[in-house]
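So the structure is just underneath, and the comments pick up after that.
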């Protein structure tokens, strides 16, 4: 009889621990996706030859409330590469880099998160 009770206690404890771990994981992900701490603050455009920076930023379509972990870099790349520049070339050109950059004071590399 005692072994059945202990097995039940162990089972209930294991389920409780898994529930706490699952909730903590959910809470961390929710915080990272909704906290203003992880909002896109700065978008840098470098090496412009044929297109104005404002056109590139509008075409990138990043909203002021965009989260750094939610931005689809491939989608941004495709939108910006498809930008018409009004010059003899049909497209604005090929992008070399579309990436997340580390903000000043941050010690972790956002590309490896």
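Looking at the structure I just gave you, is residue 9 free of Cβ contacts under 8 Å to residues at least 12 places away in the same chain, part of a helix (DSSP H, G or I) and surrounded by 10 or more Cβ atoms within 10 Å (Cβ to Cβ)?
Judged against the criteria, residue 9 is a match.
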Residue satisfying condition, being within 22 Å of residue 68 (Cβ to Cβ) and assigned to a helix (DSSP H, G or I), within set 37, 41: 37
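Values quoted throughout were computed directly from the atomic coordinates according to the rules given, and no laboratory measurement underlies them. Please read these numbers as outputs of a predicted model, since none were measured by experiment. Because the Cβ atoms are built from the backbone with ideal geometry, glycine has one as well, and the counts that use them run over all protein chains shown.
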